[in-house]
Amino acid sequence: MKKTVPNIKGAGILLLLILIVMASLLFVNNKNAVSSKDAFKSLRTLQLAGQLEAADKNSSVGSLDELLVEANGTVVKARNIQGENVWNKSFAGKITLMKSSNTGLFIIDSTKKLYC
């Protein structure tokens, strides 16, 4: 009978490759973990500059150029982050629809007029 000798050299090379792959994955994981910790550290240093909320819960709200725009009845008001009124406008009819986009503010009142 012929004795079979296990291929020790092949098993050693395979084991070495597995260790190299595991070490490289640990290195990449630690490198990503350090960068996410730095991002979290800078995130914790943010402070709230101001807070805005609608004066009336039944009003329509939108935003335009970092302003809170609120439509209530026939009046549309815009306030900055400190809560100061920047501008306001009265319309002929009650505001039925208000939409804001990057380029402007679109308002439809009860007289079916469209304002931009």
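The values are calculated or read from the model by the stated rules, or taken from the named source; none is laboratory data. Owing to the predicted nature of the structure, the values given are computational and were not obtained by experimental measurement. No Cβ is skipped: glycine too gets one built from the backbone with ideal geometry, and neighbour counts run over all protein chains shown. To get the accessible areas, we keep the full protein, side chains included, count just its heavy atoms, and leave off ligands, DNA and RNA. Shrake-Rupley method; radii C 1.70, N 1.55, O 1.52, S 1.80 Å.
The residues of segment 97-114 that are touching a residue at least 24 places away in the same chain (Cβ under 8 Å) and open to solvent by less than 100 Å² (accessible area, probe 1.4 Å), listed by number, are Leu97, Met98, Ser100, Gly104, Leu105, Ile107, Asp109.
Do we have Lys89 as at pLDDT 85 or above, out of contact with any Gly (no Cβ under 9 Å at 6 or more places or on another chain), open to solvent by 100 Å² or more (accessible area, probe 1.4 Å) and of a type outside the set (A, V, I, L, M) here? Outline the logic, then answer.
Values: at pLDDT 85 or above: yes; out of contact with any Gly (no Cβ under 9 Å at 6 or more places or on another chain): yes; open to solvent by 100 Å² or more (accessible area, probe 1.4 Å): yes; of a type outside the set (A, V, I, L, M): yes.
Yes; evaluated as a whole, the condition is true for this residue.
For segment 83-116, the tally of residues that are part of a loop (DSSP other than H, G, I, E, B) and more than 29 Å from the chain's Cα centre (by Cα) stands at 8. Does Lys94 satisfy the condition of being touching an Asp or Glu at 6+ places or on another chain (Cβ under 9 Å) and either of a type outside the set (Gly, Ala, Ser) or loosely packed, with under 13 Cβ neighbours inside 10 Å (or both)? Spelling it out, Lys94 is indeed touching an Asp or Glu at 6+ places or on another chain (Cβ under 9 Å) and either of a type outside the set (Gly, Ala, Ser) or loosely packed, with under 13 Cβ neighbours inside 10 Å (or both). Could you tell me whether any residue of segment 72-81 is touching a residue at least 12 places away in the same chain (Cβ under 8 Å), loosely packed, with under 13 Cβ neighbours inside 10 Å and farther than 17 Å from Asn58 by Cβ? Looking for residues that are touching a residue at least 12 places away in the same chain (Cβ under 8 Å), loosely packed, with under 13 Cβ neighbours inside 10 Å and farther than 17 Å from Asn58 by Cβ, one finds none in segment 72-81, hence no.
Does segment 38-53 contain at least one residue that is modelled with pLDDT under 85, surrounded by 13 or more Cβ atoms within 10 Å (Cβ to Cβ) and within 24 Å of the chain's Cα centre (by Cα)? Checking segment 38-53: at least one residue is modelled with pLDDT under 85, surrounded by 13 or more Cβ atoms within 10 Å (Cβ to Cβ) and within 24 Å of the chain's Cα centre (by Cα).
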